[in-house]
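Visitor: What follows is a structure written as structure tokens; I'll ask about it next.
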Amino acid sequence: APGEYIRTTMRGGSYRWFAGTSASSPIVAGVYALVISANPSLDSATLDSIVFDSALDLGSNGWDPYYGAGRVQADMAVIAAIDTPDTDFLSPTIAITSPTGGVIMGEVPVYTSASDNIQVSKVELFVNDVFYASETFEPFEFILDTIEYTDGQIDLEARAYDAAGNVGYSDVVTATVSNTNDETPPEVIIENPVNGSEVSGFVTVDVSAIDNGDVAMISLTIDGEEVMVTNDSTTLSYKWRTKPPRGKGKNSGPAISTLTAVAEDMGGNRSSTTAKVSITK
């Protein structure tokens, strides 16, 4: 640019000769678009090289201030782009934004977020490391039919690909399929200290839970204060610093502490158990 004697379209369907940057620069931009379409993996420096080197040299040999690199040749530029090896070595980034865990049932939307330095060409969803589905258009969403899987934990992973064949992997999301009507609560046990025992100093409180499915949560409360919660675990262990009774007679503090453990399964069923222990000096 600027170009001279450029044959271009006019309003109403006619053609005319035109000159200047307003005519020549969009033609050059269009050639770039064709080159990118032919090989989306090319970086900006390689794109420039292809368009400049494939131009028809005019005026003095090589670049000159009157004709620049020459007249663009769309066909030669596209052929050069096709014959140029991939220059993109950066993998896309990909994440599963929903679900992020927890209990899932029925048909579940799986949302992803993918990006690339050039363009994401495809995203695949894997369930338990087995290919499930593929999507080539943004926003790269899937519908997971959990009825195809038995109740219990499943692992979800998304993989993003670009035109150069680079692959990006999401973090694995672990969720729990629960399609059955579970009305049986888990059994929760305070294994230590046992009900009616005497304790002092530092005490390790051990709680366990058993369920016909999966245990979602165990919580421990001591004297009305929740002190610990575990998720997706069948055990809980807490270091408890007991407080000995103060003084004697009417001025003495409470010598009995109440421990309450609550367990919940993936179906929302709950059960609890209590242990009362004596605090000694």
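The values are calculated or read from the model by the stated rules, or taken from the named source; none is laboratory data. Just so it is clear, the structure is predicted and the values come from calculations on it, not from any experiment. In this analysis, Cβ positions are derived from the backbone assuming ideal geometry, glycine residues included, and neighbour counts consider all displayed protein chains. All accessible areas refer to the heavy atoms of the entire protein, side chains included, with ligands and DNA or RNA removed. Shrake-Rupley method; radii C 1.70, N 1.55, O 1.52, S 1.80 Å.
Visitor: Under a 1.4 Å probe, what is the accessible area of the chain per residue, stated in Å²?
Guide: Numbers: 16540 Å² over 281 residues.
Accessible surface, normalised per residue, equals 59 Å².
Visitor: With a cap of 14 neighbouring Cβ atoms within 10 Å, and only residues DSSP puts in a loop, list the chymotrypsin sites (Phe, Trp or Tyr not before Pro) found in segment 105-158. Let's see the in-between values first.
Guide: Working: sites: Tyr111, Phe126, Phe131, Tyr132, Phe137, Phe140, Phe142, Tyr149; in loops: Phe137, Phe140, Tyr149.
Those satisfying the criteria are Phe137.
Visitor: Let me ask you something else. Estimate the FRET efficiency between Thr93 and Ala29 by the formula 1/(1 + (r/R0)^6), using the beta-carbon distance for r and 22 Å for R0, to the nearest 0.05. Spell out each step's value before the answer.
Guide: Details: r = 29 Å, r/R0 = 1.30.
E between Thr93 and Ala29, to the nearest 0.05, is 0.15.
Visitor: With axes computed from alpha carbons, what is the tilt in degrees of helix 21-38 against the longest principal axis of the chain, rounded to the nearest 10 within 0 to 90?
Guide: 50 degrees
Visitor: Can you tell me how much longer the chain between Val167 and Ile82 gets when fully stretched, taken as 0.36 nm per residue apart minus their C-alpha distance, in nm with one decimal?
Guide: Working: separation 85, 0.36 × 85 = 30.60 nm, distance 2.13 nm.
Gain in length upon complete extension: 28.5 nm.
Visitor: Quick one: length gained pulling Arg241 to Thr100 fully straight, 0.36 nm per residue minus the C-alpha distance? Please list the in-between numbers first.
Guide: Working: separation 141, 0.36 × 141 = 50.76 nm, distance 3.53 nm.
That works out to 47.2 nm of additional length.
Visitor: Something else now. With angles folded into 0 to 90 degrees, how steeply does helix 44-53 sit against the dominant principal axis of the chain? Use alpha carbons for both and round to 10.
Guide: Once rounded, the angle reads 10 degrees.
Visitor: I need the fraction of alpha carbon pairs in segment 137-215 separated by more than 19 Å, rounded to a whole percent. List each step's numbers first, then the result.
Guide: Working: 1974 of 3081 pairs.
More than 19 Å apart: 64 percent of the Cα pairs in segment 137-215.
Visitor: Run the dipole for segment 73-174 about the Cα centre, Lys and Arg Cβ at +1, Asp and Glu Cβ at -1, nothing else charged, and hand back the magnitude in debye, nearest 20. Don't skip to the end; give the middle numbers.
Guide: Numbers: 2 positive and 18 negative charges, 27 e Å.
My answer is approximately 120 debye.
Visitor: OK, next. Give me the dipole magnitude in Debye, nearest 20, for segment 154-281 about the Cα centre, with unit charges on the beta carbon: positive for Lys and Arg, negative for Asp and Glu.
Guide: Numbers: 10 positive and 18 negative charges, 278 e Å.
Rounded to the nearest 20 debye, it is 1340 debye.
Visitor: Accessible area of segment 172-281 with a 1.4 Å probe: how many percent of it is carbon plus sulfur? Could you put the intermediate results ahead of the total?
Guide: Details: 2890 of 6270 Å².
Ligands and nucleic acids excluded, carbon and sulfur give 46 percent.
Visitor: Quick one: what do you get for segment 96-155 if you divide its Cα Rg by 2.2 N^0.38 Å?
Guide: On the way: Rg = 12.3 Å, N = 60, 2.2 N^0.38 = 10.4 Å.
Ratio of Rg to 2.2 N^0.38 Å for segment 96-155: 1.18.
Visitor: Oh, and also: Of Gly20, Ala77, Asn212, which is farthest on the positive side of the dipole of the chain, counting Cα position, with +1 on Lys and Arg Cβ, -1 on Asp and Glu Cβ, and the Cα centre as origin?
Guide: Asn212
Visitor: Ordered by residue, what ³J(HN,Hα) values in Hz, to whole numbers, does segment 67-84 give under the Karplus form 6.51 cos²θ - 1.76 cosθ + 1.60, where θ = phi - 60° and Gly and Pro are x?
Guide: 10, x, 7, x, 8, 4, 10, 4, 5, 5, 5, 5, 4, 5, 5, 5, 7, 8
Visitor: Right, another one. Can you give me the long-range amide H partners of Met228? Hydrogens built in the peptide plane at 1.01 Å from N, cutoff under 5 Å, separation of 5 or more residues or another chain.
Guide: Residues meeting the criterion, in which the H sits 1.01 Å from N, are Leu220.
Visitor: OK, next. Over the Cα atoms of segment 1-80, each weighted equally, I'd like the Debye log10 I(q)/I(0) at q = 0.12, 0.23, 0.25, 0.26 Å⁻¹, rounded to two decimals.
Guide: For the requested q values the scattering log ratios are -0.38, -1.10, -1.19, -1.23.
Visitor: Treating the beta-carbon of each Lys and Arg as +1 and of each Asp and Glu as -1, no other charges, what is the dipole magnitude of segment 148-208 about its Cα centre, to the nearest 20 debye? Let's see the in-between values first.
Guide: Details: 1 positive and 12 negative charges, 44 e Å.
With only Lys, Arg, Asp and Glu charged at Cβ, the dipole is about 220 debye.
Visitor: Enumerate the calculated ³J(HN,Hα) couplings along segment 186-200 in order (Karplus 6.51 cos²θ - 1.76 cosθ + 1.60, θ = phi - 60°), each rounded to whole Hz, writing x wherever the residue is Gly or Pro.
Guide: Ordered by residue, 3J(HN,Hα) equals x, 9, 10, 9, 8, 7, 7, x, 7, 4, x, 7, 10, 9, 7 Hz.
Visitor: Semi-axes of segment 3-135's equivalent ellipsoid from the Cα gyration tensor, sqrt of 5 times each eigenvalue, largest first, rounded to whole Å? Present the calculation step by step, with values, prior to reporting the outcome.
Guide: Details: eigenvalues 412, 73, 25 Å².
So the three semi-axes of segment 3-135 are 45, 19, 11 Å.
Visitor: Run the paramagnetic zone check for Arg270: 7 angstrom along Cα to Cβ, then residues of segment 170-197 with backbone nitrogen under 19 Å.
Guide: From segment 170-197, the list is 182-190.
Visitor: Let me ask something else about it. Rule-of-thumb check for the chain: C-alpha Rg over 2.2 N^0.38 Å? If you can, show how the numbers build up before the last one.
Guide: Details: Rg = 34.4 Å, N = 281, 2.2 N^0.38 = 18.7 Å.
Expressed relative to 2.2 N^0.38 Å, the Cα Rg reads 1.83.
Visitor: Let me ask something else about it. Quick one: what does P(r) look like for segment 133-281 with 5 Å bins over all Cα pairs, in whole %?
Guide: Per 5 Å bin, starting at zero, the Cα-Cα P(r) for segment 133-281 comes out as 2, 8, 14, 14, 11, 10, 9, 8, 7, 5, 4, 3, 2, 1, 1, 0, 0 percent.
Visitor: Given the -39500 (n - 2.57) contribution per DSSP H run of 4+ residues, what per-residue ellipticity at 222 nm results for the chain, rounded to the nearest 500 deg cm²/dmol?
Guide: On the way: 3 runs with 38 residues, N = 281.
About -4500 deg cm²/dmol.
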